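The values are calculated or read from the model by the stated rules, or taken from the named source; none is laboratory data. Values in this document were obtained by computation on a predicted structure and should not be read as measured data. Don't worry about glycine lacking a Cβ; one is built from the backbone with ideal geometry, like all the others, and counts go over all protein chains shown. Surface accessibility is based on the protein's heavy atoms, side chains included, excluding ligands, DNA and RNA. Shrake-Rupley method; radii C 1.70, N 1.55, O 1.52, S 1.80 Å.
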Amino acid sequence: MSTGDEEPQPWSIVSGWTGNCRSRSRLIRCSSIDDLRTIIQQPGRWLPRGAGCSYGDAAILEEGRLVHLDDEATDEQKQSASGSVTVSAAVTLRTLLPALATRGLTLPVVPGVLDATIGGIVAADAHGKNHLTRGSIRDVTDSLRLMLPSGDLIDCDRSDGTDLFEATIGGMGLTGMITEATLQVIPLLAQTVRVEQIATSDLESSLNQLRLLSQHHEHVAAWLDPTPRGAAFGRGIVVAGSPYLEHQQSQMAHPRNWELTPGSTLPPLVASLLTPVGISCHNTLRHLRARFRRGTSTWKLDRLLFPLERWKNWKQIYKPAGFHQHQSLVPAAVCDVVIRQLLEMSVSGGCPPTLVVLKMMRGGSGWLSFPDEGMTLSMDFRCEEGTVDLLRQLDERVAQEQGRVYLAKDSTLTPELFRAMYPDLGRFQKLRQQFDPQQKLNSELSLRLKI
């Protein structure tokens, strides 16, 4: 840790998770709550940083301090009798989930990245493939312990410190440093699951199957292919499974070991396939394979929940420029029309998206939280000339339909579109002014969007 009496930490070039945004910052690790308080009370701008899993510029700060709290700095996991567990905000899912499994427990909501910290997940109000049934992390968070920019350490929940609670969940780290979170837990009933896969012939059938399977399974997502022209446009593969419901009548939760599957290594040749022709050929082969393997099969639970972890080096194929992800929420009333338009726009540039995923969502809350009723469309684009212009066109189209873009993935929104998408921004800004009148707590995201 660096304090005022020691030599300052050197400057480092720090990037967002996708490598498309960078800042010159000082990385500071705090080993205790007292160290954390000392650091944030020093002059200069600072920002909480977990594992740096935000895709864009939410976890970087030019000429600022990125403050990381070691998980040893807070108490060990504490389980209550009410079906919840209190954990350090610095612990990652990769560490927490196996530890909970030894007690026969797991979290009801997890995003698809194992290296994300609990603090980062809460700050982004993360969600998984089961948002329609379980909601986002806000829905399973009972309380938070937060260090304010003043250095005061406070507890907040839905009945005490409600405004701070609602602003912090989804607030992208701009209200203070989350040090602990009390999260609801559920029984871990199985580590294998029966998964249903259906290959669809066009966009209409993709949307219909996504809706249908979401009525019967907990975790559901659709992979879409926007590269074919004509009738096959938007064909896809809908994957669905319900690991927590399976065997519920006959199997009680009990301690078990959850050994997360190690990822394989993608060959370097894959990077050369990120061309319009290469992406189209890959998508065709993937869809053809799914057509012949359609039906039900048995998967390990982590393969269903964390598909990106299957390849440990998958981000390397986008180096050195990195990639962007555009994740938008399309309101339920206009899903069919607008999703088609967004997909058509996505292939209008020089290179189509390398990955397209569609999921169902229900209503949410939290002042800057992303979830709402409708569908969320995620598209990955490699960084190249024209990509940013395309993303801004997508932003504008989403805003026209009263949709929104996920701040944890964003790197292109303008302040004007942001205000249109998040009507509670004014409340959030007033609370920030109350607890951080000097505006020492900032990120490149907050500066870009004038939060």
Next on the checklist: What's the longest uninterrupted piece of the chain once you rule out the GluC sites (Glu not before Pro) that are loop residues per DSSP with at most 12 other Cβ within 10 Å?
Outcome noted: 77-258
Checklist outcome for this item: Length gained if R392 through R340 is fully extended, taking 0.36 nm per residue and subtracting the Cα-Cα distance, is 17.0 nm
Checklist outcome for this item: log10 I(q)/I(0) for segment 244-392, Debye formula on C-alpha points only (no solvent), q = 0.13, 0.14, 0.15, 0.17 Å⁻¹, two decimals, reads -0.84, -0.96, -1.07, -1.27
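Where the eigenvalues come from the Cα gyration tensor of segment 11-63, what are the semi-axes √(5λ) of the equivalent ellipsoid, largest first, in whole Å?
On the way: eigenvalues 93, 29, 14 Å².
Value: 22, 12, 8 Å, ordered largest first.
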Item to check | Label assignment, percent of Cα pairs over 44 Å apart derived from the structure, set [x] 30; [y] 9; [z] 20 | outcome: [y]
Next on the checklist: Can you give the local net charge around L212? Use residues other than it whose beta-carbon is closer than 13 angstrom to its beta-carbon, Lys and Arg +1, Asp and Glu -1.
Outcome noted: -1
Checklist entry - So what are the ³J(HN,Hα) numbers for segment 164-171, from phi and the Karplus equation (6.51, -1.76, 1.60; θ = phi - 60°), rounded to whole Hz, Gly and Pro as x? => result 5, 4, 5, 6, 6, 6, x, x
Item to check | Non-local Lys pairs in the chain, i.e. 8 or more apart or on different chains, that have alpha carbons under 25 Å apart | outcome: 20
Checklist entry - What are the semi-axes of the equivalent ellipsoid of segment 193-234, taken as the square roots of 5 times the eigenvalues of the Cα gyration tensor, listed largest first and rounded to whole Å? => result 22, 10, 7
Next on the checklist: Once each part is reduced to its C-alpha centroid, what is the distance from segment 315-360 to segment 153-180 in angstrom?
Outcome noted: 31 Å
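Quantify, in whole percent, the carbon and sulfur part of the accessible surface of the chain (1.4 Å probe; protein heavy atoms only).
50 percent
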Checklist entry - Near L203, within a Cβ-to-Cβ distance under 9 Å, what is the net charge of the other residues, with Lys and Arg +1 and Asp and Glu -1? => result -1
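What whole-number value in Å² describes the accessible area per residue of the chain for a 1.4 Å probe?
Details: 18880 Å² over 451 residues.
Value for the chain: 42 Å² per residue.
Tell me the trypsin sites (Lys or Arg not before Pro) within segment 266-305 that lie in a loop according to DSSP and have at most 16 other beta-carbon atoms within 10 Å. Mind dumping the intermediate values first?
Details: sites: R286, R289, R291, R293, R294, K300, R303; in loops: R293, R294.
When the trypsin sites (Lys or Arg not before Pro) of segment 266-305 are filtered for loop state and at most 16 Cβ neighbours within 10 Å, R293, R294 remain.
What fraction of the DSSP beta bridges in segment 181-319 is antiparallel, stated in percent and rounded to the nearest 5?
Among the beta bridges of segment 181-319, antiparallel pairing accounts for roughly 95 percent.
Let me check I've understood the local charge: for A290, count other residues with C-beta under 14 angstrom from its C-beta, Lys and Arg +1, Asp and Glu -1. What total comes out? Intermediate results must be reported in sequence, preceding the final value.
Working: positive: R235, R286, R289, R291, R293, R294; negative: E196, D225.
Result for the neighbourhood of A290: +4.
Rounded to the nearest 500, what is the chain's calculated 222 nm mean residue ellipticity when only DSSP H runs of at least 4 contribute -39500 (n - 2.57) each, over all residues?
Values: 13 runs with 118 residues, N = 451.
My calculation for the chain gives -7500 deg cm²/dmol from helical runs alone.
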